[in-house]
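The values are calculated or read from the model by the stated rules, or taken from the named source; none is laboratory data. Bear in mind the structure is a predicted one, so any value in this text is a computation, not a measurement. Don't worry about glycine lacking a Cβ; one is built from the backbone with ideal geometry, like all the others, and counts go over all protein chains shown.
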Amino acid sequence: MRGRIHIVRGRFITQGAGLMVMAAWLAAACATSTQAGARDLGRIIASGTLNVGINPGLPPLGQYGRTNALEGFDIDIATQLAGALGVRANLVPVTSAGRIPYLMANKVDIILGGMTRSPERARVIAFSAPLYTEAFSILTPGTGHPDSLAALDRPDMRLVEARGSSAVPFVATHAPQALLLDGYPDVIRALAQGRADAMIDVSEYVTHYLAAYPATHWHVTHLAGVPVDYDCVGLAQDNAPLLARLNQAIATMHRTHAMENTYEKWFGTPMAPLPAGSAP
C-alpha cells in the first residue's frame, strides 16, 4: 500500500503536514469555544428555541421541499427533540464541513446532518446517545465495480469524496488516493460524467442523487468487515444538563419506536437495531 496522505481543499499533502493542519484546526476550534460560552439548558428553555444545525444538501436527512421549506429525517428529529425540551426548533442550514465550526462558534446549540461519532470529533465536541447506525459502501458508475478496499487503492483509481464527511478520514487510512469536492451533488456529478471512478460513503446518503443521472448504471457494494458507526447529536462539551435531557429524549424515542418510525418514513427501509452498549 502507498504512503498515507491527507487531503485538504483538493490538494494532496504529506501525512506530517496533514497532522499539523488537524492540530491547527483543533486549536482554533478550542479557542473559538472559549470566546463565548455555549447556551446551557436554562438559556435554551428561557429563549423558547433550540437552534439546530441542519444540512439541507443531504437528503433524506435534510433537503428543501417543494415549498422551499426544510424537510427530512433530521428536521423531524430536531422537532421532536425540541418538543421534549418544551421549546421549538429553529433550523439553521449548515454544510458538512461547516457544521462543527458553527457549533464551536455557538451559532447553533446542536448539530445533526449524519453526525458520525468519531475520536477526532470527540476531542472538540460532545455526542449524544446514538440515533441510528451506519456503514460504508462503495458507489461506482458503469462496469468494472471494485468490490473491496484493496481494489480502490490503485494509482489508476480516481476516488472522489465530499469534503467534511465522515468518509474522508476512513478513505485517507484505507485508500488515500482521493479528491475532495464541496458536496455530494458535485461528487455524484463527477462520477456520472466519468471524471471519477468511485466513492466511499453511507449509501443511504447518496442514493437520492442518483435519479438525476438515469443513463448511468450505478452499483453499490457493501463493504464486509467494516465497523458500524453511530450517528448522534453533536453539542458543545461541558454542557452536561443539555446532554442528559437529549439522551433522555432519545431513549424515549427509541422505546416508543418514534425514532424507528421516523427513520423508515424518510429512508424507506427499517432501521437496523442499535447494538447493546452503543451509548457514549
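What strands (runs of 3 or more DSSP E) completely inside the range 193-239 contain at least 1 residues that are more than 21 Å from residue 182 (Cα to Cα), hydroxyl-bearing (Ser, Thr, Tyr) and within 22 Å of the chain's Cα centre (by Cα)?
218-222, 229-235
Which one is nearest to residue 180 (Cα to Cα), of the residues in the range 133-166 that are of a type in the set (Val, Ile, Thr) and at pLDDT 85 or above? Before the answer, list the steps.
If we filter the range 133-166 for residues that are of a type in the set (Val, Ile, Thr), which is where we start, we get 133, 138, 140, 143, 160.
Remaining after also requiring at pLDDT 85 or above: 133, 138, 140, 160.
Values: 133: 24, 138: 16, 140: 16, 160: 6 Å.
So, considering only residues that are of a type in the set (Val, Ile, Thr) and at pLDDT 85 or above, the one nearest to residue 180 (Cα to Cα) is 160.
Go through the residues of the range 13-32 one by one and say whether even a single one is polar (S, T, N, Q), surrounded by fewer than 16 Cβ atoms within 10 Å (Cβ to Cβ) and modelled with pLDDT of 50 or more.
Within the range 13-32, none of the residues are polar (S, T, N, Q), surrounded by fewer than 16 Cβ atoms within 10 Å (Cβ to Cβ) and modelled with pLDDT of 50 or more.
Among the residues of the range 110-163, what is the count of those that are crowded, with 17+ Cβ neighbours inside 10 Å and acidic (Asp, Glu)?
Final tally of qualifying residues: 3.
When you go through 124, 87 one by one, which is the residue that is aliphatic (A, V, I, L, M), outside the structural domain of residue 57 (by TED's automatic domain parsing), over 11 Å from the mean Cα position of the chain (by Cα) and closer than 20 Å to residue 41 by Cα? Talk me through it step by step, then tell me what you get.
Numbers: 87 fails: outside the structural domain of residue 57 (by TED's automatic domain parsing).
So the residue among 124, 87 that is aliphatic (A, V, I, L, M), outside the structural domain of residue 57 (by TED's automatic domain parsing), over 11 Å from the mean Cα position of the chain (by Cα) and closer than 20 Å to residue 41 by Cα is 124.
Quick check on my filter: what residues within the range 72-113 are small (Gly, Ala, Ser) and free of Cβ contacts under 8 Å to residues at least 24 places away in the same chain?
Correct list: 83 only.
Please determine, by comparing only the residues of the range 239-257 that are surrounded by fewer than 16 Cβ atoms within 10 Å (Cβ to Cβ) and in contact (Cβ under 8 Å) with a residue 60 or more places away in the chain, which one is nearest to residue 106 (Cα to Cα).
241
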